[in-house]
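For reference, the structure discussed in these notes is given below.
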Amino acid sequence: MTTDKERTTSLDDMFGDFAELVLENVTIELDELKLALRPMVQQMAKAVARPALEMPKSLIPASFKTPLGEYTQAIQEITLGATKGQGGTRGNTVTIGGHTAPAWDLFQSPPARPPIIAADVFDMPISLAKMVKMHYKEVLDDPAEWAKLVVDKYGADVVTIHLISTDRQLGDTSPNDAAKVIEEVLQAVKVPILIGSAGDPEKDGPVLVKAAEVCEGERTLLCSATVDVFEDIAIAAKKHDQIVLSWTSIDINQQKELNRRLFEWLTPEQIVIDPTTAALGYGLEYAFTIMQRMRLAGLLGDKELRFPISSGTTNAWAAREAWMNKPELGPRELRGPIWESVTALALLLAGSDLFMMMHPAAIKTVHDLIDWMKERQKIKPEEYPDWTTMTIPEGA
Amino acid sequence: MAKLPGPLDIYPLLPGTNCQDCGEANCMAFATKMAEHTVKLKACTPLFEETKYAKKLEKIQELVRPPVREIVVGVGENAVSIGGKLVLYRHDLRYSNPTAFFLDVPDNLDAEALAARIKAIEEWTYVYIGTDLRLDGIALRGVSQDPKTFATTAKKLTELTDWPIMLCSLNPEMLAAAAKTIANKRPLLYAATMDTWAQVGEIATKHDLPLVAFAPGSLDNLSTLVNTLRALGVEEIVLDPGTASRTGLGTTVDDFTQLRRSAILEENELLGYPILGTPIAVWADHKEDEAPELTKWDEVLTASAQIVRYADILVLHSIDMWTNLPLTFLRSNLYTDPVKPVAVEAGLMEFGDVGPDSPVMYTTNFALTYFTVESDIKQAGVNAYLLVVDTEGMSVQSAVAGRKLTAEKVAETLEEYKVADKVKHKILISPGMAARISGETEEVSGWTLKVGPRDSSGIPKYLQEGKWKEE
């Protein structure tokens, strides 16, 4: 019987004994011998090591190596808005992008510029889910007041004024009418503003061209250039130094192609990308994966995808579970905003930089999330609560 | 990143007899499916049953072992597999084994309350695109701090349910008592810590049970704990690096991400285990005079972040529809196979007993749009035609905006599928979201357009009212 002490003899010593033993009896080359013996020795080592490890007396230290990635390109930084000194009239500017690591990989590098929230404002009363509408009913026919409300009360970082009344089906207001609305909103708030067109292929071009002109000096974001309507918008953006939202529909190749076309007129400081946001439960995974892929491609050197990403998060309300009046699914006062919040959170983790949102509770939640996630905290082991013994109030 | 084995790596380790017991034509076909991760090794029964293949079996198990091991909790039909992850990003292949949701039960409930809680957990369900969303398991918490109570309640649990159980206590005596009572149900033990590893590790090896290693606040500590448990002979380990919510959420997301990146991209075999998140921990911050909804809100956010960032199993408290619908939807979305087509085939679909007077509706061929509309029509039990227009897999709203759904396109599709031959009327019901193109569609197609509801949940009511037939 060997003692425990003998069992823990080092591998080297053991190998030495064997080599010696065999060499006495057989004449072979040493290299060959080592090869032949190795598996046997390894087996011996295993057999010897196992019982020795069966009852460790104390913790066996191991360390963790931070799994850093290698990235070759930073995401473009884009500054929205311009102050008086910069040729605009805004009280402040906001900058997005600049990242050098996948979203929220804090161990590698925290977000260069934390994501921001743009609250949606419409230039005419629009059909909205009841749970959203209740927060806007006083301002539905006054875009300037609407803009003030989202900035002053709901804390939006920037405002998107959607010029939907220019749609031929919804009022067919002229680009000049749209310009007036834009002027009113510029007067009403000091934050940068973004301009949304109606989605009418005939009108979007002329409306955004006019918007680029009246926003001269303001560094606004023109939403959006699409594969069908982009040339006039890009030319106007170049002429008036605006930024363009390059919007495609869940197709990474289409996004690359549209950006290539925009490069003819625009510099990298003038492009934000939007691959379309689908609601939680209704295609969110497509938006999630495409945003994640775009961010990674940008970091790994793809010149056509190195841009901050925007999400039309309000689309979360397309999910019937968000708005349906079905008490058995729980109060829609909570169901709606949590739907918008979770949709945003998934895309936040995928790498979105700009969230266009509506419900005040969801806006607050996403602001909180960005704040909570932007850096690592030192949390001591004892600060993690023992949830196995805690008492949770009944009915909660 | 670890290179996943190809068919030619796998084939030589199969029996090579082309016995077809697995249901495939031959061993090469099986190897190909193994490489695609669409079949499981255990389907090759000779490999497991015949001793002459023992060596091959050992080698192939090593070869195909995913960088994150798969661990089974529970027994029988309701047993749940966690982990088994192959890739860091779902677009690299797909995520397997959707995050398992274990709902808590305190061990000090009276019999009635216990039964009610189990029933609520088991019966939580929602129909989502043709499938029933469900919860997965029960986490028994040792609130009593009394080993006997804990073990008795564990026993009662197994009489009330055959769902998988997790035994949760940081006190080794509690775990010893309960593990002994219900070891044959294969519960997951929670947890061994830097202080209790020796005692708890022994309980796990003695009963051959999976065990959670809980070392919050330090990934070095977690590595050390796992290293030690493995030396003790514990083979099935689940990692808990600690869950912090609110201001700690970034740290938690970061810890989870580091663990998974390390296992998959850096092939750190020591940490190649499933990860456990405990959003239930938010209740430690709950104040009694506060509305519980606020705490539930935080629980949903914490759980959502962890579902996205690599949690393989979660312990949750809330069981409301408004809290768990978003979580089960999010899980379902992210675990969908990314190669699943976005589009269904265009064409004319028939529902129920259709005739020349049946209504004709149209929608797009985006899979989610189509299946949602289909499910609403079926649930309503109406007789109707549904014309599916090829919009290159875009939803109604996006397709109208992106001009993939146009008046011409609708008219062409009406022609192509000869809808005029099927019905006596020429009335087409448009999705509410496509109202914009309805006027133009009337001009181009010669059909009368009626604008239907904006959401297909309104279809039954809309058809019942019969307004679509009015001139």
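The values are calculated or read from the model by the stated rules, or taken from the named source; none is laboratory data. Quick caveat: nothing in here was measured; it's all calculated off a predicted structure. Cβ placement follows ideal geometry from the backbone for every residue including glycine, while neighbour counts extend to all protein chains displayed.
So here's what we get for this one:
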| quantity | calculated |
| --- | --- |
| Region B:367-386 residues that are at pLDDT below 90, paired with ones that are aromatic (Phe, Trp, Tyr) (beta carbon under 6 Å, 6 or more apart) | B:LEU368/A:TYR282 |
| Any hit, region A:120-133, residues being closer than 30 Å to A:GLU304 by Cβ, in the same structural domain as A:LEU345 (by TED's automatic domain parsing) and under 23 Å from the mean Cα position of the chain (by Cα) | yes |
| The listed residue being of a type outside the set (A, V, I, L, M), within 28 Å of the chain's Cα centre (by Cα) and on the phi < 0 side of the Ramachandran plot, out of B:PRO210, B:PRO147 | B:PRO210 |
| Qualifying residue in region B:32-44 (condition: outside the structural domain of B:THR125 (by TED's automatic domain parsing), small (Gly, Ala, Ser) and either buried (at least 16 other Cβ atoms within 10 Å of the Cβ) or outside any helix (DSSP H, G or I) (or both)) | yes |
| Which listed residue is more than 7 Å from chain B (Cβ to nearest Cβ), within 29 Å of B:TRP124 (Cα to Cα) and surrounded by fewer than 24 Cβ atoms within 10 Å (Cβ to Cβ), from A:LYS326, A:LYS303 | A:LYS326 |
| Matching residues, region B:100-126, being charged (D, E, K, R) and surrounded by fewer than 12 Cβ atoms within 10 Å (Cβ to Cβ) | B:ASP110, B:GLU112, B:GLU123 |
| Condition check for B:GLY347: surrounded by fewer than 20 Cβ atoms within 10 Å (Cβ to Cβ), of a type outside the set (Phe, Trp, Tyr) and at positive phi | yes |
| Strands (runs of 3 or more DSSP E) fully within region A:215-294 counting 2 or more residues that are aromatic (Phe, Trp, Tyr) and over 23 Å from A:LEU80 (Cβ atoms) | none |
| Matching residues, region B:127-157, being among the hydroxyl-bearing types (Ser, Thr, Tyr) and surrounded by fewer than 17 Cβ atoms within 10 Å (Cβ to Cβ) | B:THR131, B:THR152 |
| A:GLY312 touching a strand residue (DSSP E or B) at 6+ places or on another chain (Cβ under 8 Å), within 7 Å of chain B (Cβ to nearest Cβ) and closer than 24 Å to A:LEU245 by Cβ | no |
| Sole residue being surrounded by 23 or more Cβ atoms within 10 Å (Cβ to Cβ), part of a helix (DSSP H, G or I) and more than 12 Å from every other protein chain (Cβ to nearest Cβ), chosen from A:ILE363, A:ILE338 | A:ILE363 |
| Residue list for region A:52-90, filter: touching a strand residue (DSSP E or B) at 6+ places or on another chain (Cβ under 7 Å) and not aliphatic (A, V, I, L, M) | A:GLN76, A:GLU77, A:THR79, A:GLY81, A:THR83, A:ARG90 |
| Qualifying positions in region B:199-223 - aliphatic (A, V, I, L, M), within 12 Å of chain A (Cβ to nearest Cβ) and in contact with a strand residue (DSSP E or B) (Cβ under 9 Å, 6 or more places away or on another chain) | B:VAL212, B:ALA213, B:ALA215, B:LEU222 |
| Complete set of residues in region B:54-85 that are at pLDDT 95 or above and surrounded by fewer than 19 Cβ atoms within 10 Å (Cβ to Cβ) | B:GLU70, B:VAL72, B:VAL75, B:GLY76, B:GLU77, B:ASN78, B:ALA79, B:SER81 |
| Any hit, region B:25-35, residues being within 19 Å of the chain's Cα centre (by Cα) and closer than 30 Å to A:ALA350 by Cβ | no |
| Which listed residue is at pLDDT 95 or above and either within 14 Å of chain B (Cβ to nearest Cβ) or more than 25 Å from B:TYR370 (Cα to Cα) (or both), from A:ALA278, A:ALA236 | A:ALA236 |
| Failed criterion for A:MET294 (all others in (1) under 12 Å from the mean Cα position of the chain (by Cα); (2) of a type outside the set (S, T, N, Q); (3) over 26 Å from A:ILE195 (Cβ atoms) hold) | (3) |
| Residue match in region A:185-204 (condition: surrounded by fewer than 24 Cβ atoms within 10 Å (Cβ to Cβ), of a type in the set (Ser, Thr, Tyr) and closer than 22 Å to B:ARG436 by Cβ) | no |
| Boolean, A:THR173 is over 30 Å from A:THR72 (Cβ atoms), among the polar types (S, T, N, Q) and in contact with an Asp or Glu (Cβ under 7 Å, 6 or more places away or on another chain) | no |
| Out of A:LEU194, A:LEU245, sole residue that is closer than 23 Å to B:VAL342 by Cβ, touching a residue at least 60 places away in the same chain (Cβ under 8 Å) and of a type outside the set (Val, Ile, Thr) | A:LEU245 |
| So B:ALA231, is it without any contact (Cβ under 8 Å) to a residue 24 or more places away in the chain and touching a helix residue (DSSP H, G or I) at 6+ places or on another chain (Cβ under 6 Å) | yes |
| Tabulated pairs, region B:282-302, first more than 7 Å from chain A (Cβ to nearest Cβ), second among the hydroxyl-bearing types (Ser, Thr, Tyr) and part of a loop (DSSP other than H, G, I, E, B), C-beta under 6 angstrom, 6+ apart or interchain | B:VAL282/B:SER245; B:LYS296/B:SER318; B:ASP298/B:SER245; B:GLU299/B:SER318; B:THR302/B:SER245 |
| Residue list for region B:433-447, restricted to those being exposed (fewer than 15 other Cβ atoms within 10 Å of the Cβ) and either touching a residue at least 60 places away in the same chain (Cβ under 8 Å) or farther than 19 Å from B:VAL396 by Cα (or both) | B:GLU443, B:GLY446 |
| Spans of strands (runs of 3 or more DSSP E) in region A:58-126 with at least 3 residues out of contact with any helix residue (DSSP H, G or I) (no Cβ under 7 Å at 6 or more places or on another chain) | A:77-80, A:94-97 |
| Of residues in region A:119-131 being out of contact with any Pro (no Cβ under 9 Å at 6 or more places or on another chain) and in contact (Cβ under 8 Å) with a residue 12 or more places away in the chain, the one farthest from A:VAL366 (Cα to Cα) | A:PRO125 |
| Residues of region B:402-412 satisfying the condition of being among the small types (Gly, Ala, Ser) and at the interface with chain A (Cβ under 8 Å from one of its Cβ atoms) | B:GLY402 |
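Residue by residue, here is whether (1) in contact (Cβ under 8 Å) with a residue 60 or more places away in the chain; (2) farther than 19 Å from A:TYR136 by Cα; (3) touching a Ser or Thr at 6+ places or on another chain (Cβ under 7 Å); (4) of a type outside the set (Phe, Trp, Tyr) holds:
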{"position": "A:PRO327", "(1), (2), (3), (4)": "no, yes, no, yes"}
{"position": "A:ILE338", "(1), (2), (3), (4)": "no, no, no, yes"}
{"position": "A:ILE363", "(1), (2), (3), (4)": "yes, no, no, yes"}
{"position": "A:HIS367", "(1), (2), (3), (4)": "yes, yes, no, yes"}
{"position": "A:ILE370", "(1), (2), (3), (4)": "yes, yes, no, yes"}
{"position": "A:MET373", "(1), (2), (3), (4)": "yes, yes, no, yes"}
